[in-house]
Amino acid sequence: MIPVQMLAYRLVVKGRVQRVGFRRYVLEQARALGLKGNVRNEDDDSVHIHAQGDEDMLRRFIELIRSAPPPAYVASVEISPAAVVEDMRSFKIIYGELGDELQEGFGAMQSVFDDYRQEFRSYVGEFRSYVGEFRSYVGEFREFARRTDQNFAEIKQELRLVRDDLKQEIQATREDLKQEIRGVGDKLQAFADRTDKNFILLTTKYDTIAERMDKILAALTANIEILTRILERVSRQ
């Protein structure tokens, strides 16, 4: 007894769908969704598919057919209702004659190879672009290194000039200090000489004053003795 929800469709797929492994892709998707039916190549380079099963699974299957991955290319999918075949137990590929299948296999490999070759060419082009970019970076780095060397040379020259200026400044400052120290030394020597002269003068004056003080003191002592005698005589009378 056929389930009520069981439906069947006949799909005619056109585009680049032969000799690119498209039938194997259809087989894998149909079995993954639990569909029954078959797929076969036609002489007009189209692929015919008979698929039956649950409506939702069939809708999903048709979406997957339309979006088949490279190297296959689906240009159109003609969908028409088909009769449900009761004795279908699985999904399979209906193969053609041996020569056609060999041609299909070689064609699929050739198509894959062409795609890989195209992809490789793309990688080569991208690699060449990277090489060109790398060479540009190398050129920029060399220019940066040249400018850096030039800057270091200029800095080195500036440092030499600064060093020479500092050396001259230090020498001039040292000579000025020597002159200042010599001047201070001369002033100190002159001060010492004046101090010695003043001390000598003070000593001389002190000796003269001391001598005069001794005479005055002797005179005062003599006068005191005279006054004392006078007072004694007065007191006796």
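The values are calculated or read from the model by the stated rules, or taken from the named source; none is laboratory data. Only a predicted model underlies this, so the values are computations on that prediction, with no experimental measurement involved. Don't worry about glycine lacking a Cβ; one is built from the backbone with ideal geometry, like all the others, and counts go over all protein chains shown.
Among residues of the stretch 54-65 that are farther than 9 Å from Leu35 by Cα, none has a beta-carbon under 8 Å from a residue that is of a type in the set (D, E, K, R) and not in a helix (DSSP H, G or I) at least six positions away or on a different chain. The strands (runs of 3 or more DSSP E) found entirely in the stretch 1-102 that carry 2 or more residues being among the aliphatic types (A, V, I, L, M) and in contact with a strand residue (DSSP E or B) (Cβ under 7 Å, 6 or more places away or on another chain) are 6-16, 47-54, 73-81. Within the stretch 29-60, being more than 20 Å from Val85 (Cα to Cα) and acidic (Asp, Glu) holds for Glu42, Asp43, Asp44, Asp45.
I'd like to check something: does the stretch 175-191 contain any residue that is modelled with pLDDT of 80 or more and either part of a helix (DSSP H, G or I) or among the polar types (S, T, N, Q) (or both)? Within the stretch 175-191, one or more residues are modelled with pLDDT of 80 or more and either part of a helix (DSSP H, G or I) or among the polar types (S, T, N, Q) (or both).
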